[in-house]
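In what follows, a structure is listed as structure tokens, so that the remarks can point back to it.
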Amino acid sequence: MTALSAEPEPTPARPELPLSMVERMTLIMDAFAGRSTRLTLEDVARSTHLPRSTAHRILDQLVRLDWLDHTSFGYSLGRRALGLGGRNGSHGEVREAAAPLLHDLQIKTGMVVHLAVLDGSDVFYLDKVGGRFALSVPSRVGGRAPAHSTALGKAILAWLEPEQVEALVGRSISRLTSRTIGDIGTLHQELNRIRQRRGLAFERGECFPNIACVAAAIRGPEGPVASISLVGDARMPLEKVAPLVADAARQASLAYFPDLESPRRARRARRAPDRTWSSESMNRFLTVGQDGDWL
């Protein structure tokens, strides 16, 4: 009589392995839905289902590495995180929004066009569209320059709080040329003049000798995210092309932040008087001193 074969015993379920550190960090970063998201420690622990002590330890490490910022209002995405993918803070999407406008500016003016973002105390060049003059402009995509010495950087700094400006560039401010702003007080005065010029920033030989720029920031509900500039010879009358830069920055802002163009704002804009820059209005906002400085 053949013995019945014994059925194999069921394999006991393996206990769930603990998440790796990378997986835990990813869970926490994914909890931040966008650029403006602010979460408390409790919010993060609840969203990720991580123990409160574990979440706190990882949050501290992410703050130290600049992936997150921490204030009394909670945690938010930090400088390094805002350079990654995702709708908010994506360099790729800023470039995409601005690209047709950069090419249009270059075609209209024949000048070099830059797109840059603020990265600490520097500007980081995202794009450069050039003409014949491009080879004589010592900038490159992926390169950096001190923000306080460039029109691109000053256009962004002008819309930050004074305390933010000092925290970003106060310790690193120095002269690259004889025309570079060399102290924080003078920089604050210049940023105030930029705001009075409706956001137009100028520089002549402050970053590179014999080169002049005019720039304006791409701005959203939470402040500036990037800036666009036109670059030319230091002797070039930039006031003639400044309105084109201002208009390109405005259009890029609407392309990157489409919610800015609400129906109510559109109706108000249709009723508003024409705000196109005229030569007379430019003369009121722009004054050139005898030594060539923009005042």
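Some notes on this structure:
- When all alpha carbon pairs of the stretch 117-216 are counted in 10 Å bins from zero, the resulting P(r) reads 17, 52, 27, 4, 0 %.
- You can think of it this way: the chain between T40 and Q189 has 50.0 nm of extra reach, that is 0.36 nm per residue less the Cα-Cα gap.
- The value given for the stretch 168-239 is a Kirkwood hydrodynamic radius of 13.3 Å, derived from the mean inverse Cα-Cα separation.
Computed from the coordinates by the stated procedures, all read-outs in this text should not be read as laboratory data. The shown structure was predicted, so the numbers you read here are calculated from the model rather than taken from an experiment.
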